[in-house]
Structure formats: structure tokens, C-alpha cells
1. Of the peptides 225-233, 481-489, 262-270, how do they stack up when ordered by the mean number of other Cβ atoms within 10 Å, highest first?
2. Which stretch or stretches of the stretch 50-88 have amide N atoms under 16 Å from the point lying 7 Å from Ala121's Cα along the Cα→Cβ direction?
3. Taking only C-alpha pairs under 8 Å that are 6+ residues apart, what is the relative contact order of the stretch 62-116 in percent?
4. Specify the angular offset, from 0 to 90 degrees and rounded to the nearest 10, of the alpha carbon long axis of helix 444-461 from the longest principal axis of the alpha carbons in the chain.
5. I want to check the label-to-label distance for Glu314 and Glu358. Put each point 7 Å from Cα in the C-beta direction and report it in nm to one decimal.
6. Using the alpha-carbon atoms, what tilt in degrees (0 to 90, nearest 10) does helix 427-442 show relative to the longest principal axis of the chain?
7. What relative contact order, as a whole-number percentage, does the stretch 8-322 give when Cα pairs under 8 Å and 6 or more residues apart are counted?
8. Show me, for the stretch 6-23, the HN-Hα J-couplings you get by feeding each phi into the Karplus relation (A = 6.51, B = -1.76, C = 1.60, θ = phi - 60°), rounded to Hz, glycine and proline as x.
Amino acid sequence: MTRIFAEPDAFVADALRGFAAVHRDEIALVDGGVVRAEPLDAGRVAVLIGGGSGHYPAFAGFVGRGLAAGAVCGNIFTSPSTAQAVRVAHAADAGGGVLFTYGRYAGDVIHFGEAERRLRAEGVDARTVLITDDVASSPPDARDERRGIAGILCVFHVAGAAADRGDTIDEVERLAAHANSRTRSHGVAFAGCTLPGATHPLFHVPEGQMSIGLGIHGEPGVRDVPLQSAPELAVTLAEPLLAERPEGCSRAAVVLNGLGSVKYEELFVLFGYVADHLESQGIEIVEPECGEFVTSLDMAGVSLTMLWLDDELEELWRAPAASPAFRKGETAAGGRPAQRPTPQPPTGTVSAPESGREPRPSTPASRRAAATARRLLEAARDAIAVEAEHLGELDAVAGDGDHGIGMLRGLNAAVDAAEALGDAVGVRELLETAGDAWSETAGGTSGALWGSGLAELGRALGDPEQFRPEDAAAAVSAACTRIAELGGAAPGDKTMLDAMVPFQRALAAQLDSGADLASALAIAAGAAAEGAAATSGMLPRRGRATPLAERSLGHPDPGATSFRIIVDTVAGIASAGKVEE
């Protein structure tokens, strides 16, 4: 259990503040994460890593020589926002290009991908290498669909060492991708982890059992088996990695990783048996590592990683590294770190719109619609607050259990941003600002989708002289299309679209038939409820729940459920006559 915190929502910002204070000679805190205290030499590639917090030393602990130039740090088990990634990239960029590299998780792919596009639009040569080392998350023929776990350390070091020796971005990108293609990991859990402020773990492993194939965000494993002795566990962890051994390869970097509450002595016991087994299979172990590298808060568990080496990868794996949490070899003594600008607000916070700024020009109708939108956002926040714990429980069935917390965090940010704008703004500006705040604060896949959808809703509504009911249907359709494009999902994938698409279609059909807006919203909300309920019989085909698809059968999708809650709330307010026609 995570026992030391001030406020659960401030946990990440507080932890980063303390981390930067301890390592001020190596690390500088910037808005969105951390960067090296000593800037890169001009023309060097900036390797940027990141993801959700709760995994220390990943990600901030791996910022330093021979590793990353900066880390983008999201909330607990939640991908950082696009804006965070862009800000950290600006702070770390030395003119040689930016390489993002991170584990393949849907929210990270969305946010970092958008950051890459924005940087390219600014003229920065930005690229991405996804890390896909977890053998339990997809079969070998779908290796590109795997998630990233402790093997990220191997890719980070290879890429960072190549960048620090002066390789071009083409070469750094190639070597990072090559390292990923030869990195495999496999893990087990003995007990779940507990989020700050929570009273129970995200999942439980049955007494006397261990869960094979865990995820570092607290996702449970793919199957439970009886506890094994250290020699047996060594074989269980290693065999799937040996099964994907490149032909003719006999050398490997080996990393035994503790996930939070397995003590070092236990790890050393296990490593001895891992080494015995690998050596019996003719494997030469090159500069092994044993300790905590990618944790999951207080999870009891371990993972084994093997980077199958060739000559160029071995040279980079053996290269020196110096960061707060990972050091190897001899590193040249550095000069005094250059002074950086005063740190910006800690990650996880959103700057409110400047008070007194001039709002965009808008029509009286748009300003009335903005007032209605503000009331609806507040009502949605209150409705989700009531259901947040239940949404988290739904998410924990096959995910990491943070959906309710993330939804509430995003809605709080959206409401705060909308209120800070005042009464003189139109509905487009209000919803775009609220959507950006939602995405920035909530992070994760859900934050990206809801934030982008809300902003698209505002853009589609615009600022006309008069609103018609069919304008609402067109705006919902635009938001639905944007969410589908961004998330890559379709109806039937067990996502929020399974509730949103029926809602959009029913709303348009009712308005086309001449129904008033309140009646149309009520019927559309019923269609959303039916769609959300139908997800209980679906197997997920997108997102973190995919590796644990069978576990989610019989449970509705949390994203579809949260959409149903919100539109039901909106329909109820409309029925009470509080929505502008």
C-alpha cells in the first residue's frame, strides 16, 4: 500500500519535486517532466522517454548520460498529455532531432504521436520507436502489438548511448528499433499494487498462486498457477524468451527486475537460478542487471528481460551510463551543470486561462450555448464523481483500474477551465479550452479521446448567429468521427464507441423525424445505455484489456459506461427544460 502522500491527486507532482531536489546536480524539473541539468551539446539527438508514473526508476530515473535527455511523466499509470511531451521536447532539444521511445500503450501512442506531429510541423525532426518486449501480451506473429515492460531499459540505454556518442538521428532511430527487435521480457506477480489513497489493491492473486504475464500498470496476469520454487520460477520466466532466441545468437544482456516489493535478496536468489538455466542453454550473460528498474508501485512481482546481442548492440549495452537510478562503466567527469530557466508548474497541473484576456469574438447565441455547456460539464462531473469507484472496479477487471479516477480528473479540469474563461466566451472557445484541459490533466487513452472529442464538438458547433437542433447532431457526429480516428477503434471493439455511435445515430434519426431536442436526447441516451450494456458480451480488440480479453467477458466496458452516464445526465437536464433549443 502507498502510505506516504499529502493529497492523492498531487502524488506525482510531489514525488517529482522531491526527486528533482535530491538530484539537482543531474536533473532539472520542467513543466511536463524532467530533463538533464546539463544541456546536450549542440547538434546532438535528444532521446526522450516517458509514460505514466508509478514505475520508478522509470522514467525520470533514466535521464542522464548514456540514457535519455528527458522524461515525460504522466499521472499514476496514465500516459502524459501531448502538451507535456511537446514542452519536454522543447526543453531538451539541441538541434539534432528528437527521438521518442516508450512502451506500446494506446494512450502513450496517441499523445506522443500527436506530439511528434506538432514538433514536425514546427520544423523539428521528431521520430518514434515503440518498445514491444512483453512476450505474454501477444504471440510472436503479432509481436508489433506487444506492450513494453522492463525491456524498455535496454532500448533506452542503446538509444541514449548512440545519441551521446554523436550518432545521427537516422542511426539512433535504427539502433533503437534494432534493440527493440531483439529484446524480450516475461513477468509474474504475487500480489497487486495499490494506488495512492486507495484502500485495496487493483487486483488480487489467489492465496498460494502467482499470476503469469502481468502488466506494469497493475493489469493482472493472463493465468494463475501455483507458486513455484526459485529454480522452477527461473525456468518459467526464461523459457518464453529462449523460445524466441535469434538463430545463432549465444550472447544476451539479462535484466532481472523487481516490481516494487520483492526485496533484493530474493532477486539475487532468483538471479542465481536464472543464470544457471541460461548457461545450461549455452547463453553467455553480458553485464547483467538485477534490481528495481521498472516497478508498479508496491506490486509484488518480478520480470526477466533478455536483449539478444550482436556486436553493435553489445558495444552500446557496455557503454557508460550515469543517471540517478542507473549507472554503469566509467563516465567522464562533467562540468558544472548549466543553469536552466526557473522550473514551470509541476507536471499534472494545467495553467488556467489568463484572467482578463480578451475572448474570441462570438455571437449572443454562442454565449448562451456556452453557459449551457458549462452547466452540462458541471453536471457530468457530479454524475461521474458518484460512479467513479464503480468505473474503476470495471476497469480493474481487465485493465489498471484508473478509469474512474481519470474521468473525474479530466472533468474537474474541464470544468475549472470553463469557469476560468468567464461569461463572455462563445461555446466553441469554451469547449475547445475545456477539451484541452481534460486531455492535459487526465492523460491516458481516455483523456486523449474525451479531450479531443469535446474540443471537436466545440469546433463543429462554431459560433453561428442561431443554433438549430440538427447542429447538435452534426457536432456529435464530428466528435464521434474524431474519437474513432484518434483511437483507431470501431463499434464492436468494446470501447466507448459502442455507446457513442448508437447515441449519435439515434439523435440524428430522431431530429430528422422532427422530434424536439429534449425528446431526441432522451431516446439517444437510451440507445447509448443499450450499447453500453451490449459490451458485456464483447471481447475487447483495442487497448490494455486486449491481453486479458476473456476476463472482461460479462462486464461492460468502462468507457462505454462512462459515456452512458454522461449522456443520461445531459438528457435528464434537457428533459427538465434547462438546455437551450
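What follows draws every value from the coordinates through simple rules; no lab data is involved. Bear in mind the structure is a predicted one, so any value in this text is a computation, not a measurement. In this analysis, Cβ positions are derived from the backbone assuming ideal geometry, glycine residues included, and neighbour counts consider all displayed protein chains.
1. Numbers: 225-233: 12.8, 481-489: 18.6, 262-270: 14.4.
The densest-packed peptide leads the list: 481-489, 262-270, 225-233.
2. Within reach of a label on Ala121: 82-87.
3. On the way: 42 pairs, mean separation 19.2, N = 55.
The value is 35 percent.
4. Between the helix axis and the principal axis of the chain, the angle is about 30 degrees.
5. 6.7
6. Tilt relative to the chain: about 30 degrees.
7. On the way: 748 pairs, mean separation 55.0, N = 315.
Contact order relative to length: 17 percent.
8. Working through the residues one at a time gives 8, 10, x, 5, 9, 4, 5, 4, 5, 5, 5, 4, x, 4, 5, 5, 5, 10 Hz.
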